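Worksheet: one structure, shown below.
The values are calculated or read from the model by the stated rules, or taken from the named source; none is laboratory data. Please read all numbers here as calculations on a predicted model, not as lab measurements. Here Cβ is always computed from backbone atoms with ideal geometry, including for glycine, and neighbour counts include all displayed protein chains.
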Amino acid sequence: MPSLIAIDDTDSRQRGMCTTYVGTQIRDRLREAGSVVHRLLLIRCHPAIEHKTRGNAAVCLHTTADPALARQIAKTTVDDLAEQEDPNTNPGLVIAPHGPETIPESVGQLGRAAMHRRVERARVDKILSEQAYQSVTWDQGRGLIGALAAIGAWECWDEWTYEVLAYRPPERWGQPRSVNRESVFAAAETAYPTVWDTVDRTADEVVCVPHTPGPVLYGIRGDSPEAVRQVSEAIESEPIATTGCFITNQGTDAHLQSVSLPNSTAGTCVRTNGTVTSPPTTRSGGHVFFELTDQSTTRQCAAFEPTKRFRDRVRNLRVGDRLTVCGEISEQTIKLEKFAIRKLTQTELVVPTCPECGRSMESAGAGQGYRCRDCGTQAPGKETQSVDRTLDRGWYEVPPVARRHVAKPLVRGGFDAPVHPEQ
Ligand code: ZN
């Protein structure tokens, strides 16, 4: 009998480790035991939940191993590798005694729900019991939620991308990484845009090499497994201990829900429409804010400092622009990941200029229009003036250096307006 093995929350922000690495070790041990591993899934769950691990990744293996063997190998591997000394690490392991073709509807629905909002542990425990799934928890076992969601993901999503992750030998974890920068840029160029977010060309920065203490040396993301493998193999670096090619929901916008602004709630990630109702302002720290309004509901939108040159796009918005915005709602603020300009304001109202002397007229009093005191000229009210816009209709996005894992890069295509991709 085949099985699906899923794990979550084995890593630690401070101490390293990575759930994807634990997944590759389970894969190797299953193969040593004579089982076939058909797929490794890397599932990014709801990015806004409060207890997220780094990037909030869960891993699911699709294997021919029977459930008893799967449980034994996976449990031993998590015992060996999970960062249990970190009190914020609460691993969970779920074994489903069936193949990927027969995932129950309730499990698929949980996979979808976990992408969009916080899921209660009680709902997970109920499904585990109904389906007679085996599970193992360490500490509080919060990882059970992401693990069950990773089993359901295969049933509820149909858009997938790929990532090859290259791992360092354990003795090098925590040491500075040695990856040849020129080889990364050259390899990235050969496969762009099938392979994306490897580098940030404008910022001249390598994006695929993490700065965290864990086992990952680099990760190459793209639309085809062959292309990500080719780029990965073309990179010159320190010795690689092992690699894993994951099927993943990264780069798909699976976290976004389309809702109206009045129906958008804190703690969710949304795609919503509105009109710019306050000029963008830059506050301390370099964060840029403006207000977006729809049907008498107003929310603040923010482009934070780490989004870098994206803030220049936001600063160029004007009152009256019609937008679609995407991002996480934290408190009452939408943290922008991308936006589309649907309608650009092409004119603005300005205080009239005196035709005689060229200076600005002054208000002649409430409802009295404008006049020039020196020349005696008059104007009935403000005048319409066309404005030069540096933005065009269509989609703008944060640069690769600032992209969250699950956000879809514009270069992947499939958007409903022209795109202005960041490379
Ligand atoms: Zn004048």
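Of everything listed in (1) of a type outside the set (A, V, I, L, M); (2) over 25 Å from the mean Cα position of the chain (by Cα); (3) surrounded by fewer than 18 Cβ atoms within 10 Å (Cβ to Cβ), the single unmet condition for TYR133 is (3). If you go through the range 66-94 and keep only what is in a helix (DSSP H, G or I) and either in contact with a Leu (Cβ under 7 Å, 6 or more places away or on another chain) or not polar (S, T, N, Q) (or both), you end up with PRO67, ALA68, LEU69, ALA70, ARG71, ILE73, ALA74, LYS75, VAL78, ASP79, ASP80, LEU81. Pairing residues of the range 353-382 that are of a type outside the set (Asp, Glu) with residues that are modelled with pLDDT under 95 and more than 15 Å from the ligand (Cβ to nearest atom), at Cβ distances under 7 Å and at least 6 apart in sequence or on separate chains, gives GLY369/PRO380; GLY369/GLY381; LYS382/LEU349; LYS382/VAL350. Filtered by the rule that a residue be of a type in the set (D, E, K, R) and either buried (at least 19 other Cβ atoms within 10 Å of the Cβ) or touching a helix residue (DSSP H, G or I) at 6+ places or on another chain (Cβ under 6 Å) (or both), the range 59-74 gives a lone residue, ARG71.
Looking across the range 334-387, the residues that are more than 13 Å from the ligand (Cβ to nearest atom) and among the charged types (D, E, K, R) come down to LYS335, GLU337, LYS338, ARG342, LYS343, GLU348, LYS382, GLU383. Filtering the range 143-199 to residues that are at pLDDT below 95, of a type outside the set (D, E, K, R) and over 22 Å from TYR21 (Cβ atoms) leaves CYS156, TRP157.
Within the range 234-342, which strands (runs of 3 or more DSSP E) (wholly inside it) include 2 or more residues that are closer than 26 Å to GLY222 by Cβ and among the hydroxyl-bearing types (Ser, Thr, Tyr)? Answer list for the range 234-342: 242-248.
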